[in-house]
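So the structure is just underneath, and the comments pick up after that.
The values are calculated or read from the model by the stated rules, or taken from the named source; none is laboratory data. Being a predicted model, the structure only gives us computed values, none of them experimental. All Cβ positions, even for glycine, are placed from backbone atoms using ideal geometry, and neighbour counts span all protein chains on display.
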Amino acid sequence: MHSFRFSAEPLPPEAEAARASVRAFLDAERAAGHFVPHRTSWTTFDAAFSRRAGAAGLIGLTLPEAYGGHGRSGLVRFVVTEEMLAAGAPCGAHWIADRQSGPQIHRHGTEAAKRAILPRICRGECAFGIGMSEPNSGSDLAAVRTRAVRDGDGWVINGSKIWTTNAHQVDYLLALVRTGEPGPDRHGGLTQFIVDMAAPGVTVRPILDLSGHHEFNEVFFTDYRVADAMRVGAEGAGWGLVTEELAFERSGPDRFLSDYRLLVELVDRIGPEPDRFQAVETGRMVAQLTALLGMSASVARLLDQGVVPGVEAALVKDVGNGFERAVPEIARRLVPVEPSLTAQGDAFREALGGVTLRAPSFTLRGGTREVLRGVIARGLGLR
Amino acid sequence: MDHAAEAGDPVDGIVLDQVERLLAQHLTPALLAACDGAAGATARAADLWPADLWTALAESGLPLALVPEAEGGIGLAATTAARLIRRCGRAALPLPLPETVAGAALWAATGGQVAEDALSLVPGGGPVRIAPHAEGFVLDGRVAQVPWGGSVAALLLDAVDAAGIPHLVRIAAPGTLRDTHHNLAGEPRDTLDLTGCIVPAADVRAAPGWAAGAGAPSVESVGAWVRAQQMVGALETCLGSALAHAQERQQFGRPLAKFQAIQHMLAEAAGHVAAATAAADLAAACWGDPRFVLATAIAKARCGEAAGHVAAIGHQIHGAMGFTQEHPLHRATRRLWSWRDEFGSDALWQERIGRAVCAGGGAALWPMLVRLRGGAG
Ligand SMILES: Cc1cc2nc3c(=O)[nH]c(=O)nc-3n(C[C@H](O)[C@H](O)[C@H](O)COP(=O)(O)OP(=O)(O)OC[C@H]3O[C@@H](n4cnc5c(N)ncnc54)[C@H](O)[C@@H]3O)c2cc1C
């Protein structure tokens, strides 16, 4: 029969011990007016916040000290990330580098890349984007067509990427490009490169999302030159690498805590004496959230042990995104208000408006539910 | 799925293996069919009470599995006892071993004397009152939906005294059996009139000191804890059966498992099973500590929600074959549909969680979630 590698052990004491310091940092940030919880989220790009988080030792926790990191366990990092999410902190300028690009470069990058980039990531001074999707390659990542061709001691890249979150603000992209033939399983011939967004040959076109917000972009490479030292992993090994990276991308609490602030606003808006409908639905959401927190913590434990729990990560994301999508739908049934992005002073209406317009992306970004269900089905032995 | 080898303590592993063996040996299809009151069964096991099986379980000391060794039990970790109960749920064991395991441990925790006899837990509902009496206390009240209430040697129930103070009460000689109903799975759920029942003072006790005040464990919450763990077992059975069927059954020239619609249904079911298990694991880990009642509420609510989805998907994938009594699927699904509503429906527990959360306010929610998982909120 199938078996999932979840467990219910509490987080280790050294991870729990980190909680107090991250809370102290966040309290100070809020008190200084550096962010307003329900108006920001983990995707909100705020370079100054990330620099302060870096200075406070909250970024690059799992990276070795030799590269400016803190040599801590993934579970310490887990506690820091969930506290950031619960606080609604604007982590967009360091989230991707901290969550996946930095660890990926550390595992598979060249020494030169590690020395040049990891210390800056740890200081919160170096933002990364994910260059996977292309106009004709969304769910079907193996269809990537942007191509890198060897040229002397480097490579020349031509093509484009799309939906690249914060491409207009990041320093680097970790891009998946074609360097060879796909082969019979279509997974061959892909390689990851670190793309310097400031170098010539890269242009960015903004794409506005449903709320009119500029977060993602299209990125074009025209004879863009990259040194071989910026290749991450062996030539043609890209598929295995992105699969590993996606386990980090999919299993974290960011996959179900995107609207956590809306839940908080909802509880406050309902007040201490809910009617039965409000109590039941609030309790239902909290029960779902508690289960997800347990699942996510146990995936973090597996990742920390060097296991790549692709299926468990997909389960966290699929169940988690289902929860995230449901929160605004439930909230509007419990408290009848008209959502608005500009209801200054009405935190609940604003949070509801913001989340309603963002929610469709939850089950798309990082892999659609349909694709995740395929991954889960494979894990169940069905394909 | 969990295997005995995963249990940290070797004794725990031995006990789980023993349960597995006993269940495999005794739970023949004929016995299970009789217990479910299935068509063609000669007699209802509800009336039968598979005594040989109970004797075998009792001889292995299993009724006191969760009672500490110092008090005559096996002293299993609560997380292992939860696994034992899941196995009973997985196998559709037609006996109240799960109720007995948890009830005996609860009773031992109050300082009460425990025995290996079958014990049942009385669900919440109408209040049973107790009043002082020359020989101890006298009861007043009627209880309904008591699992195997007509067959067990003793009952545990929540009762209140004249001042409204809650107590846990053990009744060694249950009152008059008024009525036997069966849940959707054919398990007996009895109504008993306890009025006039006299219990010695030693059998009326305060809830154990796991948590002060409103968070104190009640018989109702321990029953909910048991049903949540049993539901995990039945969810595993249901999903496992659907997976196996999807791989065996061919339509349009290929196994059902190859159709994307089927894969997605099964993936969705797997998500519910994983989430329900995570919630039940948490409740198992919280046995005996101040988080017990809240963690149990969450587990009962989450498992209850999963039950409906997973049972529906299980039946859809099995097609008409699964809609018969010839196929064993119904043993899991009829129990899921019953257990989710026993000892408080998911909605009842959700309501309690919601009231607690709203009373605390938004800012208190995150620290509460962190404390639940064992951290310092
Ligand atoms: C807010 C946001 C931020 C993003 N950020 C980034 C980023 O930083 N970097 C990056 O690389 N990408 C990013 N993405 C892109 C994201 O990864 C893709 O949107 C996603 O992989 C889906 O691809 P698509 O949009 O091309 O949809 P398609 O692949 O065209 O899918 C459309 C629909 O068809 C379904 N579908 C497709 N194939 C199948 C199949 N085999 N079976 C069943 N259904 C199928 C999908 O599930 C979906 O419902 C972002 C997306 C969003 C919304």
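The criterion of at least 1 residues that are within 13 Å of chain A (Cβ to nearest Cβ) and of a type in the set (Phe, Trp, Tyr) is met, among helices (runs of 4 or more DSSP H) falling completely within the range B:282-377, by B:346-360, B:362-372.
Within the range A:184-201, the only residue that satisfies the criterion of being within 15 Å of the ligand (Cβ to nearest atom), out of contact with any helix residue (DSSP H, G or I) (no Cβ under 6 Å at 6 or more places or on another chain) and either closer than 18 Å to A:ARG145 by Cβ or free of Cβ contacts under 8 Å to residues at least 12 places away in the same chain (or both) is A:VAL195. Mind checking which residues of the range B:176-198 are over 24 Å from B:THR324 (Cβ atoms) and either among the basic types (Lys, Arg) or assigned to a loop (DSSP other than H, G, I, E, B) (or both)? Within the range B:176-198, B:ARG178, B:ARG189, B:LEU194, B:THR195, B:GLY196, B:CYS197 meet the criteria. The set of residues in the range A:262-295 being surrounded by 24 or more Cβ atoms within 10 Å (Cβ to Cβ) and more than 9 Å from every other protein chain (Cβ to nearest Cβ) consists of A:LEU262 alone.
Just one of (1) within 11 Å of chain B (Cβ to nearest Cβ); (2) at pLDDT 95 or above; (3) exposed (fewer than 13 other Cβ atoms within 10 Å of the Cβ) fails for A:ARG19. It is (3). Of the helices (runs of 4 or more DSSP H) lying entirely inside the range B:19-104, those carrying at least 3 residues that are at pLDDT below 90 are B:29-36, B:45-48.
Residue check: B:LEU155 meets all listed conditions (1) under 24 Å from B:ALA70 (Cα atoms); (2) part of a loop (DSSP other than H, G, I, E, B) but one, namely (2). Note on the range A:304-336: among residues that are closer than 14 Å to A:ILE270 by Cα and free of Cβ contacts under 8 Å to residues at least 40 places away in the same chain, the one that is surrounded by the fewest Cβ atoms within 10 Å (Cβ to Cβ) is A:PRO336. In the range A:202-229, the residue that is farthest from the ligand (Cβ to nearest atom) out of those that are without any contact (Cβ under 8 Å) to a residue 40 or more places away in the chain and in a loop (DSSP other than H, G, I, E, B) is A:GLY212. For the range A:76-104, a residue qualifies if it is part of a helix (DSSP H, G or I), hydrophobic (A, V, I, L, M, F, W, C) and within 14 Å of the ligand (Cβ to nearest atom), and the qualifying residues are A:TRP95, A:ILE96, A:ALA97. For the condition away from chain B (no Cβ under 13 Å), without any contact (Cβ under 8 Å) to a residue 24 or more places away in the chain, outside any loop (DSSP other than H, G, I, E, B) and not β-branched (Val, Ile, Thr), A:ALA24 qualifies.
Among the residues examined, A:THR363 qualifies as within 16 Å of the ligand (Cβ to nearest atom) and either among the β-branched types (Val, Ile, Thr) or closer than 17 Å to A:SER41 by Cα (or both). With respect to (1) within 13 Å of the ligand (Cβ to nearest atom); (2) within 14 Å of chain B (Cβ to nearest Cβ); (3) on the phi > 0 side of the Ramachandran plot, the lone exception for A:SER139 is condition (3). How many of the residues in the range B:107-152 are part of a helix (DSSP H, G or I) and touching a strand residue (DSSP E or B) at 6+ places or on another chain (Cβ under 7 Å)? Going through the range B:107-152 one residue at a time, the tally reaches 1. Scan the range A:122-134 for residues that are more than 6 Å from the ligand (Cβ to nearest atom) and either without any contact (Cβ under 8 Å) to a residue 60 or more places away in the chain or acidic (Asp, Glu) (or both) and the total you get is 4. Per this entry, A:ARG378 is counted among residues that are within 16 Å of the ligand (Cβ to nearest atom), facing chain B (nearest Cβ under 10 Å), charged (D, E, K, R) and surrounded by fewer than 20 Cβ atoms within 10 Å (Cβ to Cβ). Pairs are defined by a Cβ separation below 7 Å, a sequence spacing of at least 6 or placement on different chains, a first member in the range B:348-367 that is more than 13 Å from A:ARG276 (Cα to Cα), and a second member that is among the charged types (D, E, K, R) and modelled with pLDDT of 95 or more; the pairs so defined are B:GLY361/A:ASP268; B:GLY362/A:GLU265; B:GLY362/A:ASP268. Any residue at all in the range A:37-47 that is among the β-branched types (Val, Ile, Thr), in contact with a helix residue (DSSP H, G or I) (Cβ under 8 Å, 6 or more places away or on another chain) and over 30 Å from B:ALA279 (Cα atoms)? Looking for residues that are among the β-branched types (Val, Ile, Thr), in contact with a helix residue (DSSP H, G or I) (Cβ under 8 Å, 6 or more places away or on another chain) and over 30 Å from B:ALA279 (Cα atoms), one finds none in the range A:37-47, hence no.
Is one or more of the residues making up the range A:146-156 within 16 Å of the ligand (Cβ to nearest atom) and at negative phi? Yes - at least one qualifying residue is present in the range A:146-156.
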